[in-house]
Structure formats: C-alpha cells, structure tokens
Amino acid sequence: MTTVWICRSNFCRKSSAFRLLYNSQRPLSTLRSSKIDGGNSLSEIAISSSPPLSNQDIVRRRLEAQRGKRLARQQSIEQRVQRNLYIKRLLHSGSSSNHKNTDQTTEFQVPPLYAVKVWVDDALRSELRLSGREKRGRVFIETSHNATQTLKGLKQELHGFFRALKKDTFLLRATLPRLSDDGTTILSPETTDQAMEGSWEISTDNDVVKTFRMADDFFQNATLQRPAIQINVLKNPNSPPPSPPPAFLQDMANPNDSATMTMLSFYAFPPSGIDDPETFATDLKRKWKPFQALGRVYVAKEGVNAQMSVPTNVLPNFIECCRSIPQLGQYMENDINIDPQPISQEEFAVAGVPINGQPAPPFRNLHIRVRTQVVADGLNKPLDWQSAGYDMPPLEWHEKLKEAREKRERDQSDAPILLDCRNTYETNVGIFEGAEPLGTDNFRESWDVLKERLADTPKDAPIMTYCTGGIRCVKVGAYLTQELGFTNVSRLAGGIIAYDRTLNEKAQGEESMFKGTNFVFDGRLGRQITDDALANCVTCGAETSLVSNCRNDNCHQRIVQCEACRTSYQGTCSVACKNRVVNGAMTPLRVRTPSIFTPDDEDPSTGKKFDNLDDYSMGHSSPVPSVYREFERNTKSYLASGSHMVSGASQGRLLTQLASMTRNGRILELGTFTGYATACLLEGARNVGNVLHREGISFPSTEAFDNGGPYVLSMERDSRAFNLAAAHLRVIERYGFDGEDAVEAACKLRDEDEVEDVKADVVSVDVDNAARCQLMRVTDALATVEALASEAIIGEILLAAPFDLVFVDADKTRLLEYVEACLSSDRLLKRGGLIVVDNVLWKGLVLEASSRDFKSVTDSDVTDNVEARKNRRARKLATTMHLFNSAIAKDDRVEALILPMRDGLSIMRKK
Ligand SMILES: C[S@@+](CC[C@H](N)C(=O)[O-])C[C@H]1O[C@@H](n2cnc3c(N)ncnc32)[C@H](O)[C@@H]1O
C-alpha cells in the first residue's frame with residue numbers, strides 16, 4: 001500500500017485506497033446505525049431500541065424505512081443506467097474490438113454484451129410524451145444478466161433507460177436487427193411496419209430466453225461486433241387509459257407563440273421544510289419544463305427562492321402549477337411577485353446588461369440549484385422563519401413612510417427606524433426615503449451591524465425593514481424578534497418589487513417613496529423606479545443610477561456608470577480596461593492609423609471588418625478549431641462567475657504553439673478550470689505525437705506515454721470545473737478538435753444533465769493515439785506538484801519522464817512557490833524546459849505597483865465599501881505580481897520574457 005504518498009499529497013487523501021482503508025475502519029456502532037437507517041423491519045427496530053416507541057415514532061420509522069427502500073431502488077436503477085452509459089462510452093471511444101475494452105482510470109473490463117436496439121411505437125411515444133432521447137436507443141445487457149433470462153429482469157432493464165414507461169402499459173415484441181449493406185451496422189426501422197416485420201412476442205420468461213438465443217444464432221452468421229436484437233415496445237391495448245394531463249396544463253397555449261415574457265419572483269419557507277431538496281429540484285424541473293420558463297431558482301431544506309421569466313401566454317398555467325405544489329402553494333409568502341409590464345420578446349433578448357458587448361437577456365436558461373440555504377445567512381443556529389415580525393402590505397408601508405416623513409419634518413423623534421437590509425452596491429443606486437442602509441458587502445455581515453446599530457434601542461421601538469423581494473427580511477425579522485427581542489418589527493411584504501407594482505396598480509399618481517433604481521438579480525441588474533440618480537458614475541463622477549459589469553472579462557466588477565461613459569468607455573470601468581477590450585495589450589491608436597484598405601477598414605482579402613488588433617491578428621492566423629468556442633460557451637453557462645478565467649482564443653493558440661514546439665510534448669498545467677487551456681496544450685502535444693509517429697516512434701502503448709511520450713497532466717481542485725473539463729476532454733477524445741460532430745457534442749453539454757458528476761479523481765483520455773491527457777482532482781496543486789517533484793508516483797499518476805512545459809495558472813498568490821518547485825527539481829521540469837505563468841500584468845496595475853503609486857484607485861476615491869475592498873484586493877495582487885516579476889527578472893536560473901498579451905504572460909526558460 002502506497003502510504004508514503006498518501007501522507008505527502010492532499011490529493012491522496014481522496015484516493016480510493018484511502019477511502020477503502022477509511023471505510024474498513026468505521027466503528028461498528030456506525031455500521032449498525034446505518035443499517036437501521038437503511039430501512040429495517042419494525043421488529044428489528046423495536047428490539048434495538050429500549051424505550052417503547054410511540055405510534056408516531058413507529059409511523060415515522062416506517063415511512064423512513066419505505067423511503068430508504070425507494071431510494072435504494074432508485075439508486076440501483078441509476079447505477080445500472082450509469083453503468084450502461086459508461087459501457088456505451090467505452091465502446092464508442094475505444095477500438096472496435098469485441099468485449100475487450102478496458103478503461104485506464106478504473107481498469108474496468110467491458111463484459112460480454114448484447115446490444116439491444118429499442119424502438120418505442122408511435123402510439124406509446126405520444127401518450128407518454130417521450131423525449132427525443134427516450135423514443136429510441138441502445139441498451140447493453142450483459143450476457144450473464146437476468147434480463148436475458150426473465151421477463152421481469154428485461155422489463156426492469158428497459159425501464160432504467162426508458163423511464164417514462166409505466167408498468168403494464170406496454171408489451172414487448174422482438175425482431176432480428178436489420179443490417180446495413182456491408183453487414184456491420186444495425187439500421188433503425190423507418191416505419192412501424194418495418195419494425196414489426198418478422199417480430200415475435202415476448203410475454204414469458206421462455207420468450208426472453210428464446211429471444212437472446214436468436215440473437216446468438218444471428219451473431220454466428222453476421223459480421224457484427226456483438227450479438228444484437230431489436231426490441232419493439234408497444235402500447236398495451238388493455239392498459240388503463242392514460243391519466244389526463246394535470247389541470248394546469250390543460251388547454252395551455254404554446255409558450256413558443258408568446259409575444260412577451262413576464263418577470264416574476266417568489267419565495268417560500270414551508271413550515272416543515274423540504275425533505276429531499278434534490279428530488280424536489282428534479283420535480284420542479286420536470287413540472288416547469290412545458291412552460292419554457294427561464295431563471296434562477298434555489299432549493300434548500302429551508303425552502304425555495306426563485307427569480308424567473310415566463311412566457312406571458314402560459315403565465316396563468318404556471319401560477320396554477322406553482323400553487324398546486326404543496327411545498328409552494330400557500331407558503332409562497334405574498335404569492336408570486338409579478339412584474340406588471342411584460343417585456344416583448346425583442347426587448348427581452350436585449351434587456352440584460354450586454355455581455356462582452358453582445359446583447360443579453362435577463363435570463364438565458366432555467367437553473368434550479370440545490371443549496372444548503374436559499375439565502376446564505378451565516379447564522380450559528382437556524383431560527384424559526386415562520387415568526388419574523390409583521391409582513392406589512394405595500395400600501396400600508398407607503399402610508400407609514402409618508403407619516404414618518406412628516407414626523408421628520410416636524411423633528412419628532414418617534415419616527416420608526418427604517419432599515420434597508422440590502423448590500424451597499426444595491427442601496428447606492430436606490431433607497432426608500434429616510435432609510436438607513438446597513439452598509440454590508442454581503443448578507444452574512446447583517447447580524448453584527450444590526451446588533452451594534454440597535455444596541456441602545458428600546459425593545460418596543462418600531463422597526464421597519466425591507467429588501468428587494470422580501471426574502472432577506474424574513475431572516476432579518478426572525479433575528480430581530482427571536483435573537484434581539486424586538487417586539488414591534490415589520491417588513492415590507494414582497495419587498496421593493498411588490499411596493500413598486502402595488503403603487504403602479506393601486507395608487508397611481510402617488511409619489512414613490514422609493515427613489516432611484518431597484519437593483520435586481522437578473523441580467524438587467526437594475527430596474528429604474530424613479531428618475532433620481534443617487535450614485536456617481538465610476539468614470540466621470542456624474543450622477544447616475546445605471547448599473548453594469550465591466551466589459552473587460554478579467555475585471556468584470558459591478559459598476560455604476562452613466563449612459564455617455566458606458567458608450568465612450570465601451571462598457572468598461574476605466575481606460576485600462578477599455579484598452580484591454582479594444583486592443584488587448586496594444587495601443588488603440590494603431591487601429592486609427594491610416595488604412596491601406598478601404599476607408600472603413602475592410603480587409604479586401606477576407607471582406608471582413610476588424611475593430612481592433614486582437615481581432616485582426618486572430619483573423620489573420622490559422623483558424624481556431626470551432627470546438628473551443630463551445631467550451632467557452634459551456635463555461636459561461638455553468639460557471640458564469642469564473643468564465644473570465646478561460647485562456648481564450650489568442651492565448652490558447654499561443655499555448656498550442658508552445659506545446660507543439662516542445663521536444664516530447666510533455667506538459668503540466670496547474671489550474672485546469674474547465675479545460676480550455678488543457679485542450680489547447682493537448683492539441684500541441686498531439687502535434688508532437690504526430691511528428692514522432694512520422695519519425696517512426698509509435699504509440700499508443702501505455703509505456704510509451706508514461707516513459708516520455710506526449711502527455712498533458714492538468715490539476716484542478718474545484719469539482720464542478722473538473723466535471724466540465726472531463727466532459728470537454730471526452731468530446732475531444734471521441735470527435736477530435738474540429739468538425740461538426742465535435743461542436744455538436746460540445747454543444748450538448750449545455751444541457752446540464754449531460755455533464756457527468758465524475759467520481760474518479762483521475763480522468764484519462766487519449767487523442768488520435770498520439771497523446772494522452774490526465775486530469776487530476778487535487779486539494780492543492782502546489783502540494784501535489786511538490787510531491788511529484790520528489791516522488792515518481794502520486795496516487796495513480798506515474799511520472800517516469802520530466803515535463804517540457806509547465807503552465808502555471810492556479811492560485812496567483814503562490815506563483816514563486818510553483819516556479820521554485822519546477823526550478824529545483826529536474827524530475828519535474830527538464831533543463832531547457834519552459835514555465836509559462838499567466839496574469840503577470842494584473843489588469844495593468846503592476847505599473848502602478850512598481851512605482852508604489854496607486855493614485856488612480858485610492859480608497860478615498862471610492863465611498864463604496866465593495867469598491868474599496870475590490871481595489872484593495874486588486875492592488876494587493878498587483879503588488880504580488882510585481883514582486884514575482886521582479887524576483888524572476890533577477891533569477892539567473894531562468895531566461896524570462898513577459899509578453900504583454902491579454903493579462904500578461906511570463907515565459908521562462910529553465911537554463
Ligand atoms: C485561472 S483558472 C485556470 C484557467 C485555465 N488554465 C484556462 O486557461 O482555461 C484557475 C483555476 O485554478 C484552480 N485553482 C486555484 N488554486 C488551486 C490550487 N491550489 N490547487 C488546484 N487548483 C487550484 C481554480 O479552481 C481555477 O479553476
């Protein structure tokens with residue numbers, strides 16, 4: 001057992017060997033209790049528990065036991081499906097040999113299989129509303145599985161894949177497969193008649209045995225890779241009529257025909273919570289699918305929080321659907337907050353703040369995420385959300401604020417305390433008259449602020465709180481009443497959104513007591529309520545309330561910027577970011593030099609217009625394989641907040657070039673993220689592999705890769721990023737870097753369900769038999785790299801030959817340590833090898849860091865805490881980068897060059 005390595009590297013703590021040891025050492029007591037949780041009979045439970053059980057306990061335990069069994073059944077189906085998918089993938093990715101494939105990560109041997117082509121007939125398809133994937137497909141059944149022996153086993157196996165099939169609603173018939181002319185491929189039937197031709201019924205165990213025997217016989221005389229059979233699933237004429245669609249779907253309009261979208265939000269804290277958030281989220285997804293709703297929804301044990309947009313023509317059905325869900329229904333506090341002004345589809349498409357200069361809608365997809373809390377509060381103990389003060393209707397709130405205004409004007413001291421419980425970036429652009437902002441950067445900071453602010457306030461003083469949609473004030477109300485003991489707490493029902501709507505609907509002509517813009521959590525970022533401009537433009541200082549995110553992906557900070565500056569700064573927060581967006585690291589003036597081309601800068605060779613030198617350079621370089629664009633899009637859709645970290649086209653091409661120039665194509669990347677740069681490096685390693693091929697060195701023998709063949713090892717600690725990176729590399733393994741199939745497969749990954757939750761800590765892929773890539777999930781890349789520098793094997797990774805190139809793109813504060821590991825160990829990086837480090841110019845701020853002159857971003861310039869904190873962080877990192885660059889420039893173990901491309905790349909050659 002490799003215990004030494006287990007201790008040295010954090011990664012190893014997660015290794016399966018460790019898990020095995022850990023599990024085998026679990027104390028007996030925990031094993032026993034988990035057995036009871038797993039669902040035992042009542043008698044066993046009764047024996048193991050000494051005090052007599054109440055009826056309630058017995059019922060509860062029985063329900064738990066049933067739930068345990070149900071889950072176990074679901075899990076077993078899920079495992080079978082996963083196994084089937086896994087086998088399918090292996091068969092696709094591997095050679096065409098029969099039954100011989102092995103997966104390098106798990107050494108899983110593909111067992112002998114029957115390929116069963118399943119075809120569901122039209123009547124059943126429409127009755128069950130089967131999705132594309134469920135209409136037809138291929139199921140692999142192991143030859144030794146009981147599905148090849150019994151009807152029950154076979155039905156269960158089919159059900160795993162075709163989940164919509166309900167017991168007793170279908171019959172099975174089998175036919176021998178139809179083959180292509182060369183006899184190697186099974187053809188799908190085109191019509192029902194074709195599918196039924198020569199078919200026989202499968203209604204008994206004997207029929208099942210006969211069916212698979214026929215498959216064996218057919219296989220003897222065919223050139224197929226494995227025995228195959230086609231099973232037709234037909235509607236059972238004796239099955240009970242299908243249950244009618246739920247009332248909320250009856251006579252529903254087609255959401256595609258809706259001319260407008262309606263924005264809405266709601267939250268619910270059901271008193272008994274949500275038992276199983278995962279299942280609940282899956283149910284919501286299924287129930288809401290027909291409405292084509294978009295948005296962001298959080299589900300947790302404590303409740304649900306939703307911000308959505310729904311096609312207006314199906315809005316009543318959607319509302320009915322939500323009300324019919326027990327956990328929402330009566331518990332959606334203040335019902336559903338609906339924006340009274342639907343947005344036309346055309347406006348909707350551009351209603352969000354542009355992303356990368358491209359128009360964006362408020363929401364692009366429907367994301368239903370399971371979280372520990374729907375609003376992360378950071379409280380030590382949960383409070384009772386049902387008891388959170390008085391939920392004050394908007395009109396009453398309005399009157400109270402008018403009274404308070406009069407009291408303030410008369411200098412009366414008994415005006416209520418009005419607390420704005422949102423964060424500073426929200427209160428900066430809009431606030432109720434007379435309100436005090438809490439001045440928090442995030443909601444978790446509220447408790448200390450409240451405690452301090454209200455320390456001397458009498459317990460019966462009137463306190464009024466509000467937030468955007470009301471949900472945060474449920475928590476604030478609970479805290480004020482239950483933890484601080486205040487007795488006269490009220491909160492604005494439905495928040496600013498409901499106030500604005502109610503005033504428009506029921507009190508038109510009344511002056512809004514809310515001034516400015518309501519910050520919202522969708523792509524629009526702000527919804528203007530009054531013309532008041534409360535904040536100052538980040539670039540010119542003019543008064544404004546317009547919110548956006550800086551267009552420079554490397555910065556992306558939230559900014560307030562006036563309309564004029566938004567145009568002149570091209571959506572960026574500063575001249576530096578604008579330069580970066582316009583021209584990368586180059587000067588924008590060059591774009592304006594007199595053109596040798598047509599007056600409007602059109603390149604006659606391509607007929608294309610280039611706005612900046614980056615585009616021009618890329619436009620005159622070899623085309624970037626199209627799959628990379630999809631990788632970027634997938635990253636934006638999964639990990640939007642980190643999508644600026646992706647290397648991108650120009651840097652990616654440089655990495656491919658550098659990797660292609662290495663002698664052996666052995667590359668280490670630290671910080672995989674979603675695998676963009678990994679793929680670029682792998683492309684380079686593949687190029688090296690192809691050259692070696694031509695020189696007569698052959699692959700793919702495992703030893704060749706391990707002993708010095710083209711190989712990319714990339715490390716990442718974030719599991720979500722790791723999953724997507726693994727999916728991206730699988731696409732490349734299967735379809736290569738270019739071509740429609742690769743693009744299509746990469747596109748499909750935007751359907752969240754297609755990205756597998758990878759359990760293994762190492763994922764291996766081979767490309768064109770010319771290069772191998774291994775992704776490694778680690779807890780800390782630096783610890784693992786230091787271990788690799790001294791050991792030849794870490795977990796499943798064998799490092800028999802050093803790397804030619806190391807791309808350092810993980811945590812930016814420890815760059816010197818990463819470089820030191822490479823320089824001090826020839827086992828890790830060979831002499832003459834390259835180290836590439838990203839972001840060494842840190843948004844251009846290293847210039848100021850070098851002169852210790854941060855005048856442009858001093859704290860006094862920004863009154864906003866968030867901005868100040870971001871500036872501090874940026875300055876700190878810029879200083880770190882500057883110190884790093886200075887140290888490298890003096891280090892005579894390397895020759896270094898900083899390329900002012902993108903965020904700055906330092907390229908070092910180890911002497
Ligand atoms: C800038 S991104 C990498 C981008 C990627 N190389 C590309 O070009 O597409 C940095 C990544 O490093 C990961 N990371 C940061 N610190 C790490 C550490 N100590 N160990 C492993 N991964 C780390 C982060 O989770 C993040 O995904």
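The values are calculated or read from the model by the stated rules, or taken from the named source; none is laboratory data. Treat the numbers as computed from the prediction; the structure is a model and nothing was measured. Every residue, glycine among them, receives a Cβ derived from its backbone with ideal geometry; neighbour counts consider all protein chains shown. Calculation scope for accessible area: heavy atoms of the full protein, side chains included, ligands and nucleic acids excluded. Shrake-Rupley method; radii C 1.70, N 1.55, O 1.52, S 1.80 Å.
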### Task
Run residue 439 past the list (1) farther than 26 Å from residue 352 by Cβ; (2) of a type in the set (Gly, Ala, Ser); (3) without any contact (Cβ under 8 Å) to a residue 40 or more places away in the chain and report the number of the one that doesn't hold.
(3)
#### Entry: Total residues in segment 447-470, condition open to solvent by 20 Å² or more (accessible area, probe 1.4 Å), assigned to a helix (DSSP H, G or I) and not acidic (Asp, Glu)
3
### Task
Scan segment 616-653 residue by residue and report those that are part of a helix (DSSP H, G or I), out of contact with any His (no Cβ under 7 Å at 6 or more places or on another chain) and within 11 Å of the ligand (Cβ to nearest atom).
628, 632, 635, 642, 643, 645, 651, 652
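Residue-wise test of (1) closer than 26 Å to residue 750 by Cβ; (2) touching a strand residue (DSSP E or B) at 6+ places or on another chain (Cβ under 7 Å).
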site: 318; (1), (2): yes, yes
site: 325; (1), (2): no, no
site: 347; (1), (2): yes, no
site: 352; (1), (2): yes, yes
site: 380; (1), (2): no, no
site: 386; (1), (2): no, no
site: 391; (1), (2): no, yes
#### Entry: Counted residues, segment 86-104 - those being open to solvent by 70 Å² or more (accessible area, probe 1.4 Å) and modelled with pLDDT of 50 or more
1
### Task
Please indicate, with yes or no, whether at least one residue in segment 349-369 is more than 34 Å from the chain's Cα centre (by Cα) and in a helix (DSSP H, G or I).
no
### Query
List the pairs whose first member sits in segment 647-663 and is over 18 Å from residue 691 (Cβ atoms), whose second member is within 13 Å of the ligand (Cβ to nearest atom) and at pLDDT 95 or above, and whose Cβ atoms are under 6 Å apart, counting only residues at least 6 apart or on separate chains?
647/676; 647/677; 652/680
### Task
Of the conditions (1) outside any strand (DSSP E or B); (2) at pLDDT 90 or above, residue 411 clears all except one; give me its number.
(2)
### Query
Of these, 897, 847, 877, 805, which one is surrounded by fewer than 20 Cβ atoms within 10 Å (Cβ to Cβ) and at pLDDT 95 or above?
897
#### Entry: Odd one out for residue 679, checked against (1) within 12 Å of the ligand (Cβ to nearest atom); (2) open to solvent by 10 Å² or more (accessible area, probe 1.4 Å); (3) outside any loop (DSSP other than H, G, I, E, B)
(2)
### Task
Determine, yes or no, whether residue 753 is surrounded by fewer than 17 Cβ atoms within 10 Å (Cβ to Cβ) and assigned to a helix (DSSP H, G or I).
yes
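For every residue, the table says whether it meets (1) at pLDDT 80 or above; (2) within 16 Å of the ligand (Cβ to nearest atom); (3) closer than 14 Å to residue 630 by Cα.
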position	(1), (2), (3)
688	yes, no, no
696	no, no, no
701	no, no, no
708	no, no, no
727	yes, yes, yes
738	yes, no, yes
744	yes, no, yes
769	yes, no, no
#### Entry: Condition broken by residue 295, with the remaining ones in (1) in contact (Cβ under 8 Å) with a residue 40 or more places away in the chain; (2) assigned to a loop (DSSP other than H, G, I, E, B) satisfied
(2)
### Message
Among the residues in segment 248-259, are any touching an Asp or Glu at 6+ places or on another chain (Cβ under 6 Å), in contact (Cβ under 8 Å) with a residue 60 or more places away in the chain and in a loop (DSSP other than H, G, I, E, B)?
### Response
no
### Task
State whether the residues of segment 405-415 include one that is of a type in the set (Asp, Glu) and either surrounded by 17 or more Cβ atoms within 10 Å (Cβ to Cβ) or closer than 24 Å to residue 518 by Cβ (or both).
no
### Query
Within segment 786-793, is even one residue within 16 Å of the ligand (Cβ to nearest atom), of a type outside the set (Phe, Trp, Tyr) and either part of a loop (DSSP other than H, G, I, E, B) or open to solvent by less than 10 Å² (accessible area, probe 1.4 Å) (or both)?
yes
### Query
Restricting attention to segment 153-207, and to residues there that are among the charged types (D, E, K, R) and assigned to a helix (DSSP H, G or I), which single residue is surrounded by the most Cβ atoms within 10 Å (Cβ to Cβ)?
157
## Note on the structure
Of 372, 312, the only residue that is exposed (fewer than 13 other Cβ atoms within 10 Å of the Cβ) and among the β-branched types (Val, Ile, Thr) is 372
### Message
Yes or no: segment 714-723 includes at least one residue that is part of a helix (DSSP H, G or I), within 12 Å of the ligand (Cβ to nearest atom), among the basic types (Lys, Arg) and touching a helix residue (DSSP H, G or I) at 6+ places or on another chain (Cβ under 9 Å).
### Response
yes
### Message
If I ask for residues that are surrounded by fewer than 19 Cβ atoms within 10 Å (Cβ to Cβ) and either under 27 Å from the mean Cα position of the chain (by Cα) or in a loop (DSSP other than H, G, I, E, B) (or both), which ones from segment 326-337 would you list?
### Response
326, 334, 335
### Message
Against the conditions (1) more than 10 Å from the ligand (Cβ to nearest atom); (2) farther than 20 Å from residue 824 by Cβ, where does residue 777 fall short? Just the number, please.
### Response
(1)
### Query
(1) within 15 Å of the ligand (Cβ to nearest atom); (2) under 21 Å from residue 663 (Cα atoms); (3) in a helix (DSSP H, G or I): which one isn't true of residue 822, the others all being true?
(1)
